Amino acid sequence: MKLGNVMGALFVAALSLGTAMAQEKTVTVGGAPMYPSKNIVDNAVNSKDHTTLVAAVKAAELVETLQGAGPFTVFAPTNKAFDKLPKGTVETLLKPENKSQLQGVLTYHVVPGRISAEDLMKMIKDGNGKATLKTAAGGTLTATMKGKKVEIVDENGGMSTVTIADVFQSNGVIHVVDTVLLPKA
C-alpha cells in the first residue's frame, strides 16, 4: 500500500471518529458526563446527585428494566429531592418488604417514549398550558410552564421543576427534577 493511500485512509478514519465524537453530545449531571450512547442506568450510576435514585432503582429491582430498549422519559429526582421527603421515608421505602411500593414510586417518574423538552413544551402549548403524561405506573403527571421552566405536577398537587432537561440516553431521555413526585395513595 502506498504512503498516500495509508494517509488517506487515516484521514478518513480520523474524520469518521471526529464525527462520531461530535454526535456524542454529553450533558454533565452530578459532576459526571452523561453519554447518549449509554443507557439510563449506566449514566445515572456516575452522577453524584443521583446516588439515592440509583440505590432505589437497585432495591426495587428495576435495573434491567431501565437498561432495556425503552424508550423511556425519566423525571429523575436528585438526592436533595429525596431529602425533602419526610424523615425516614427513603429508609422505609428501601426495605425489602416495601419493594412494590418503591417500584410504584419509581415507575411513576417514568413515561413511556422519548419526550424531549421541545416535545414537552409543544404538548403544553397544544394543551392550552397543560400536558397530561401517562406514567409507567399507570398514573398521570401534568406538565405546565412557569416562565421558561417546565414544572411537573403529581396527582397529589406536588410540584417539581425540571432543572436539567434533555439528557439523552441510548434508551430514552432524562429530565432532572428537584422534587420527588408521588402517585395517589
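Quick notes
- Take the Cα radius of gyration of region 51-125 and divide it by 2.2 N^0.38 Å, N being the number of residues; the result is 1.21.
- Proximal lysines relative to Lys125, as straight alpha-carbon distance under 23 Å, when same-chain residues fewer than 8 apart are discounted: Lys134, Lys146, Lys148, Lys149
- Computed extension gain for Arg114 through Asp126, at 0.36 nm per residue and net of the alpha carbon distance, reaches 2.5 nm.
- Shape class for region 83-185: prolate, because the ratio a/c of the largest to smallest gyration tensor axis (alpha-carbon atoms, square roots of eigenvalues) is 1.5 or more and a/b beats b/c.
- Amide hydrogen neighbours beyond the local backbone of Thr163, cut-off 5 Å, H modeled: Val176, Val177, Asp178
- GNM on the chain, alpha-carbon springs under 10 angstrom: the most fluctuating residue among Ala136, Ala81, Ala69 is Ala69.
- Taking the centroid of alpha carbons for each part, region 55-103 and region 112-161 are 20 Å apart.
- Gly139 sits among other residues whose Cβ lies under 13 Å from its own Cβ, and their net charge, with Lys and Arg +1 and Asp and Glu -1, is 0.
- Average accessible surface area per residue within the chain, 1.4 Å rolling probe, Å²: 55 Å²
- Here region 71-185 exposes an accessible surface that is 56 percent carbon and sulfur, computed with a 1.4 Å probe and the other protein chains kept in place.
- Sparsely packed trypsin sites (Lys or Arg not before Pro) within region 57-155, loop by DSSP, other Cβ within 10 Å at most 10: Lys87, Lys148
- Sequence-separation-based contact order of the chain, relative, with Cα cut under 8 Å and 6+ spacing, percent: 23 percent
- Global geometry of region 102-143, whether rounded, prolate or oblate, following the gyration tensor of its Cα atoms and the 1.5 cut on a/c: prolate
- If the convex hull is drawn through the Cα atoms of the chain, its volume per residue in Å³: 141 Å³
The values are calculated or read from the model by the stated rules, or taken from the named source; none is laboratory data. Given the structure is predicted, the values throughout are model-derived calculations rather than measurements. Counting neighbours? That spans all protein chains shown, and the Cβs are built from the backbone with ideal geometry, glycine included. To get the accessible areas, we keep the full protein, side chains included, count just its heavy atoms, and leave off ligands, DNA and RNA. Shrake-Rupley method; radii C 1.70, N 1.55, O 1.52, S 1.80 Å.
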